[in-house]
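First the structure, in the form of structure tokens, and then the observations on it.
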Amino acid sequence: MQFHSYDPAEGHGLPHDPFKAIVAPRPIGWISSTDSEGVANLAPYSFFNAFVSSPPIIGFSSEGRKHSLANIEATGVFCFNLATRAMAEAVNQTSGAYPAEVDEFEAAGLEKTPCSAIPAPRVANALAALECKVTAIHRLSDLDGNGLEAHLVLGQVVYVHIAETALIDGRFDIAKAGTIARCGYRGDYAEVTETFEMLRPSIG
């Protein structure tokens, strides 16, 4: 087997950077927040995931100081809304570079509803939503200690909403929900349509 190998600092030598395609699929953090004046914001982040199960902690990385980061720094809360195939166009619409005073819920024609435990809205028709209170915001740095224009936001889930239509025999059915993921190159996404079971081996 031959490999195309390279040092990222020296360039990948390919027509397109493969990094985001290799680390994929990645769940989409569709993050809602408000600014200090109460203006709602909604934006998708492809650097997103869960990090701890008990207590549940999720996080996303913002490359550049975007409105979501500023809002979360000011309020200490945010909400994750599940991105699904049925809502993919709306998710994409909210990725636009809108001015701070624009409410992306309105721009994308989405109904918002108040969260239960935090002062921020959530997407009313999202099949699942996780309300979070911030536990940490870290400015990321490189190996030389240089601060990057990227921040990791971590939040503990304090309230959960799940549409009953997505619950099958008491389990959240990701395939029925049609959860979508980011797959690397521009415009590349995937929809979960099926899963398979593989249990951990019993050792000893």
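No value in this document is a laboratory result; all are computed from the given coordinates. Every value quoted in this text rests on a predicted model; they were computed, and no experiment measured them. Note that each Cβ is placed from the backbone with ideal geometry, even for glycine, and that neighbours are counted across all protein chains shown.
Inter-part distance, the range 161-194 to the range 17-43, computed on C-alpha centroids, equals 16 Å. Here the dipole of the chain is about 400 debye; that uses its Cα centre as origin and unit charges on the Cβ of Lys and Arg (positive) and Asp and Glu (negative).
What the Cα atoms of the range 41-139 give is an Rg and a Dmax of 13.0, 37 Å.
Measuring r between the beta carbons of R65 and I203 and using R0 = 45 Å, the FRET efficiency lands at 0.45. Sorting 144-155, 68-79 by average packing, meaning the other beta carbons within 10 Å per residue, from highest down gives 68-79, 144-155. Other residues lying with their Cβ under 15 Å from the Cβ of D103 contribute a combined charge of -4, Lys and Arg counting +1, Asp and Glu -1.
Protection proxy ranking of 165-176, 40-51, 80-91, 104-115, by the mean of other Cβ atoms within 10 Å over each peptide's residues and highest first, is 80-91, 40-51, 104-115, 165-176. If you run the Gaussian network model on the chain, springs between alpha carbon atoms under 10 Å, then out of S53, S62, S95 the most flexible one is S53. Over 27 Å apart at the Cα level, from the set K133/K176; K66/K176; K112/K133, are K133/K176; K66/K176. Kirkwood analysis of the Cα pair distances in the chain returns a hydrodynamic radius of 18.4 Å.
Using the Cβ of A21 as centre and a radius below 11 Å, the other residues enclosed give a net charge of +2, where K and R count +1 and D and E count -1.
Once the C-beta distance of S95 and E73 is scaled by a Förster radius of 22 Å, the resulting FRET efficiency is 0.60 to the nearest 0.05. For K20, give me every one of the aspartates and glutamates with a C-alpha distance below 16 angstrom, ignoring sequence neighbours fewer than eight places off in its own chain. Once the sequence-local aspartates and glutamates are set aside, what remains near K20 is D7, E63, D188.
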